[in-house]
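All remarks here apply to the structure that follows.
The values are calculated or read from the model by the stated rules, or taken from the named source; none is laboratory data. All values reported here derive from a predicted model rather than from experimental measurement. Positions of Cβ are backbone-derived with ideal geometry, glycine not excepted, and every protein chain shown enters the neighbour counts. Keep in mind that these areas ignore ligands, DNA and RNA; they rest on the heavy atoms of the full protein, side chains included. Shrake-Rupley method; radii C 1.70, N 1.55, O 1.52, S 1.80 Å.
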Amino acid sequence: MRAFRCRVCANPLHFENSVCVSCGSDLAFSRTEVDIVPIVAGRYTDADGATWHICRNLGLSGCTWLAATPGGQCVSCDLTRTRPNDADARGMRSFQIAERAKRRLIVDLDRLGFEIESRRTNPTTGLCFDLLSDTHEDVVTGHDQGVITINLAEGDDAYRERVRVRLDEPYRTMLGHFRHEIGHYIQWRLVEAAGGSILDRARALFGDERADYEEAVNRHYADGAPAGWPGSFISAYATMHPYEDFAETWAHYLHICDTIETSTAYGLAEPVALEDVVAFRDVVTRVW
Ligand SMILES: [Zn+2]
Ligand SMILES: [Zn+2]
Ligand SMILES: [Zn+2]
């Protein structure tokens, strides 16, 4: 994530700030400007004269983004199709953490120039999120044709850490889940939908995605990753099935880009134009 400063007093800001702790200005995140902007009387007017409003979910989920209409919600909140019941205190706590991760994911996708299409406008291939509490039923995190389901139990640090250690997944974080699941969506929209040489290339790199998924899952949890996997895979989970290889690689690509952006923003690395970089190895050797 890039570094932000208050436009009123130049104090450093965090991506989540809704108020400047130095000068007290109300703040919101402008997706179009990719910047945190000052809010006056609940509004912000941009350079083109358009007026923006604080997302109505600031109190509900801590959303700091701008919305196009008064009392409306922002693009990120718009993508959430289902959330926990107001009475589900545990679910609502994790819901805030999930929404925060989702906003970071959208900034990731914007940076890559991926056009996010909402399921509201395209009910067939558009994107939406079901952020579900497992308080009353079992929830499985996953992607199915544009619908991403997140088990909000992952917002509970103790639960997530327990699973992380049991499955030996160093990158198990809420944002990690969003980056992994969006990888499945990207694969579906940009690789499988494209077909032809793009699909051939993906099969050469990740394997044939038509391989039986259930069989792959059973094998993975019975036998674990094959010996010597670090030579050819980004994670042990990626060895399970070509779909998971793609999603894991995608998630790690976003982790790497984000790390580089943060390192650069705080003067720890030379600026790298990520859009010019074609290989992970390039990125790592140029930065460190
Ligand atoms: Zn300030
Ligand atoms: Zn919002
Ligand atoms: Zn997956």
Most fluctuating residue given options Ala41, Ala194, Ala236, as computed from a GNM of the chain linking Cα atoms under 10 Å: Ala41
Neighbour net charge for Thr239 - beta-carbon separation under 12 angstrom, K R +1, D E -1: -3
Hydrodynamic radius (Kirkwood) for the range 4-78, which is based on Cα pairs only, to one decimal in Å: 12.1
Packing-based order for 220-230, 91-101, 106-116, using average beta carbon neighbours within 10 Å, highest first: 91-101, 106-116, 220-230
Accessible area per residue, Å², the chain with all protein chains present, probe 1.4 Å: 53
Carbon and sulfur %, accessible surface of the chain computed with the full protein complex present, 1.4 Å: 51
Dipole magnitude of the range 4-78, debye to nearest 20 (Cβ charges: Lys/Arg +1, Asp/Glu -1, about Cα centre): 140
Alpha-carbon Rg/Rh ratio, for the range 55-139, with Rh computed the Kirkwood way: 0.97
Principal-axis tilt of helix 213-223 within the chain, Cα atoms, nearest 10 degrees: 80
Peptides 22-28, 261-267 ordered by average Cβ neighbours within 10 Å, highest first: 22-28, 261-267
Between helix 174-186 and the chain: long-axis angle, C-alpha atoms, 0 to 90°, nearest 10: 70
Burial ranking of peptide ranges 72-79, 48-55 (average Cβ count within 10 Å, highest at the top): 72-79, 48-55
Mean Cα-pair separation over length for the range 52-131, i.e. relative contact order, pairs under 8 Å, 6 or more apart, %: 27
Sequence-separation-based contact order of the chain, relative, with Cα cut under 8 Å and 6+ spacing, percent: 12
Over the range 80-287: Rg over Rh, Cα atoms, Kirkwood Rh: 0.96
Rounded tilt (10° steps) of 242-265 against the dominant C-alpha axis of the chain: 40
